[in-house]
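Note sheet for the following structure.
The values are calculated or read from the model by the stated rules, or taken from the named source; none is laboratory data. All of these numbers come straight from a predicted model, not from anything done at the bench. All Cβ positions, even for glycine, are placed from backbone atoms using ideal geometry, and neighbour counts span all protein chains on display.
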Amino acid sequence: MPNPVVHFEIRSSGADNLMKFYADLFEWRVDTSGPIDYGLVDTHAGSGINGGIAGADGEPNLVTFYVEVEDIDAKLKEAEERGAKVVMPVTTIPGAVTFAMFADPEGNCIGLVSGETPS
């Protein structure tokens, strides 16, 4: 089964400025009303993918994308076997998402996400 890119993420210590920048530049809608410090981006484009903008205080700026997979554990293990390093182990945000992140052999950070919403 092919694995689609389903989400992008922009992390920066200047997340508030970037939320406004991208909202104004591309006419994206950024919803910051959720319980965590995260701006959900809805492009309202009718195609493509939506994403998020979040703070990264004390961490480097990061732009990444998330690929939907059936079995995150198996795909994370396969990535490691191919030379990747786990950056974030499988993590579940109840009622929202289950995800993990790895750095590819060149250090680029890629996310994996489950297609099922966790309870």
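You will find that of Ser33, Ser12, the residue that is surrounded by 14 or more Cβ atoms within 10 Å (Cβ to Cβ), over 15 Å from Ile110 (Cα atoms), hydroxyl-bearing (Ser, Thr, Tyr) and not assigned by TED's automatic domain parsing to the domain that holds Val113 is Ser12 and no other.
With respect to Asn50, is the statement that it is touching a residue at least 24 places away in the same chain (Cβ under 8 Å), surrounded by fewer than 14 Cβ atoms within 10 Å (Cβ to Cβ), touching a strand residue (DSSP E or B) at 6+ places or on another chain (Cβ under 9 Å) and outside the structural domain of Ile110 (by TED's automatic domain parsing) true? No, not satisfied. For region 53-87, residues that are among the small types (Gly, Ala, Ser) and assigned to a helix (DSSP H, G or I) total 2.
Hey, any hits in region 37-44 for a residue that's of a type in the set (D, E, K, R), outside the structural domain of Val5 (by TED's automatic domain parsing) and farther than 17 Å from Val6 by Cβ? Step through it out loud before you land on a result.
So in region 37-44, the residues of a type in the set (D, E, K, R) come out as 37, 42.
Retained after the next criterion (residues that are outside the structural domain of Val5 (by TED's automatic domain parsing)): none.
Looking through region 37-44, none of the residues is of a type in the set (D, E, K, R), outside the structural domain of Val5 (by TED's automatic domain parsing) and farther than 17 Å from Val6 by Cβ.
Looking across region 70-89, the residues that are more than 17 Å from His7 (Cβ to Cβ) and either surrounded by 15 or more Cβ atoms within 10 Å (Cβ to Cβ) or in contact with a strand residue (DSSP E or B) (Cβ under 7 Å, 6 or more places away or on another chain) (or both) come down to Asp73, Ala79, Glu80, Ala84, Lys85, Val86, Pro89.
Among the residues of region 35-49, those that are of a type outside the set (A, V, I, L, M) and in a loop (DSSP other than H, G, I, E, B) comprise Pro35, Asp37, Thr43, His44, Gly46, Ser47, Gly48.
Taking the numbered list (1) among the acidic types (Asp, Glu); (2) assigned by TED's automatic domain parsing to the domain that holds Phe99; (3) at positive phi in turn, Glu78 passes all entries but (3).
For region 55-69, the condition of being in contact with a Leu (Cβ under 6 Å, 6 or more places away or on another chain), surrounded by 12 or more Cβ atoms within 10 Å (Cβ to Cβ), of a type in the set (Gly, Ala, Ser) and in contact (Cβ under 8 Å) with a residue 40 or more places away in the chain holds for none of the residues.
Hey, among the residues in region 12-34 that are assigned to a strand (DSSP E or B) and not small (Gly, Ala, Ser), which one's farthest from Phe99 (Cα to Cα)?
Within region 12-34, the match that is farthest from Phe99 (Cα to Cα) is Arg29.
One residue stands out in region 90-104 among those that are over 22 Å from Ile10 (Cβ atoms) and surrounded by 11 or more Cβ atoms within 10 Å (Cβ to Cβ): the one that is modelled with the highest pLDDT, namely Val90.
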